[in-house]
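The values are calculated or read from the model by the stated rules, or taken from the named source; none is laboratory data. Please read these numbers as outputs of a predicted model, since none were measured by experiment. Cβ placement follows ideal geometry from the backbone for every residue including glycine, while neighbour counts extend to all protein chains displayed. Surface accessibility is based on the protein's heavy atoms, side chains included, excluding ligands, DNA and RNA. Shrake-Rupley method; radii C 1.70, N 1.55, O 1.52, S 1.80 Å.
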Amino acid sequence: MDDLIKKISYCIERGKVNKSAPYPPDLKDQEGADELALKALETGVKPFEILDACNVGMKNIGEKFSRNEVFVPELLMAAKAMQAVMNHLKPYFQTGEVKKKGKFVIGTVAGDLHDIGKNLVSMVVEGNGWEVIDLGVDVKTNKFLEVISNNRNCTVGLSALLTTTMANMSNTVAEIKNNFPDIKVIVGGAPVTREAAIKMGADAYGDNPQQAVEILEQFLAG
Ligand code: B1M
């Protein structure tokens, strides 16, 4: 099992999507993240362990990027490999619960194109019984305001992965609170901290998708 987990991490780090993928050339004809994730699930590895393995791979490629050892195309291939894994994990996050507990509007803030973490949060929240309205990436404040005005009972989730877009996140939180003081806002993403969330005026900080669900449950309970 450990071997499978390590191989998944490595495939994410190297951007090896599946066996037929020609990239990277030194891993040609070897199994990729796609096949290995499926194999891991079949042998009883827990979906969250597979996610952790992916995060290790992403962390490693991110560090290489910081050291200028790889560039944006390599990050894109890593993202593609992780998407292949997420396609297999999605069914495991579905509880089959039909009743919707409420609406959750989520998006990556303006100027930010990172969506893997946001997609994970969407998937897990939806799987736990919420109706999710996913606005995608680079979502301007006005878009959030428009969607909230049409869904007055929603909770909003904002994701940011760049330190530079945290300022946009802060502006979006402020505008949501100015226009809709009763709407609760959860913020998250790698550079965001609990302290930053408080400073922005957000109602909560989510470190990971499960925490986002726990916060939503708390809001629901009042
Ligand atoms: Co970019 N990138 N990237 N990137 N990228 C980072 C974030 C970076 C840390 C890499 C590095 O330098 N080491 C760095 C940011 C530095 C900084 O600001 N401090 C960086 C940079 C600089 C850039 C560009 C500027 C590079 C360039 O063009 N020169 C550029 C910016 C583009 C833009 O957004 N305008 C860029 C582009 C890209 C790609 C498009 C190539 C690609 C993204 C593809 C995609 O998302 N579809 C990419 C990638 C893949 C990364 C890294 C390697 C991986 C990010 C990721 O998906 N992680 C990343 C390095 C790293 O993070 N180690 C990096 C896995 C994901 C599951 O984690 O998103 O953190 P994460 O989500 C977590 C939690 O944060 C949390 O739950 C998730 C699961 O635990 N969470 C929430 C997230 N949102 C939440 C919301 C919640 C609650 C929890 O409630 C609402």
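For this structure, a couple of remarks:
- Members of the stretch 94-110 that are within 18 Å of the chain's Cα centre (by Cα) and modelled with pLDDT under 90: Q94
- Taking the listed residues L76, L27, L41, L36, the one that is open to solvent by 90 Å² or more (accessible area, probe 1.4 Å), out of contact with any Asp or Glu (no Cβ under 7 Å at 6 or more places or on another chain), touching a residue at least 12 places away in the same chain (Cβ under 8 Å) and not acidic (D, E) is L76, with no other qualifying.
- Conditions (1) away from the ligand (no atom under 11 Å from the Cβ); (2) surrounded by fewer than 16 Cβ atoms within 10 Å (Cβ to Cβ); number of the one not met by C154: (2)
- Only one of the numbered conditions (1) open to solvent by 80 Å² or more (accessible area, probe 1.4 Å); (2) at pLDDT below 95 is not met by L113, and that is (2).
- The set of residues in the stretch 135-171 being β-branched (V, I, T), more than 18 Å from K100 (Cβ to Cβ) and assigned to a helix (DSSP H, G or I) consists of T141 alone.
- Boolean, A221 is open to solvent by 60 Å² or more (accessible area, probe 1.4 Å), over 16 Å from the mean Cα position of the chain (by Cα) and away from the ligand (no atom under 11 Å from the Cβ): yes
- Candidate set from the stretch 184-200 (those that are open to solvent by 20 Å² or more (accessible area, probe 1.4 Å) and among the β-branched types (V, I, T)); member that is nearest to N153 (Cα to Cα): I198
- Total residues in the stretch 44-63 satisfying the condition of being farther than 23 Å from Q210 by Cβ and more than 18 Å from the chain's Cα centre (by Cα): the figure is 1.
- Note on the stretch 99-134: among residues that are in contact (Cβ under 8 Å) with a residue 40 or more places away in the chain and assigned to a strand (DSSP E or B), the one that is farthest from the ligand (Cβ to nearest atom) is K103.
- Among the residues of the stretch 1-52, the one identified as of a type in the set (K, R) and out of contact with any helix residue (DSSP H, G or I) (no Cβ under 9 Å at 6 or more places or on another chain) is K28.
- Looking only at the stretch 69-122, and only at residues there that are polar (S, T, N, Q) and out of contact with any helix residue (DSSP H, G or I) (no Cβ under 6 Å at 6 or more places or on another chain), the one that is nearest to G189 (Cα to Cα): N119
- In the stretch 201-216, of all residues being assigned to a helix (DSSP H, G or I), at pLDDT 95 or above and open to solvent by 30 Å² or more (accessible area, probe 1.4 Å), the one that is farthest from the ligand (Cβ to nearest atom) corresponds to E214.
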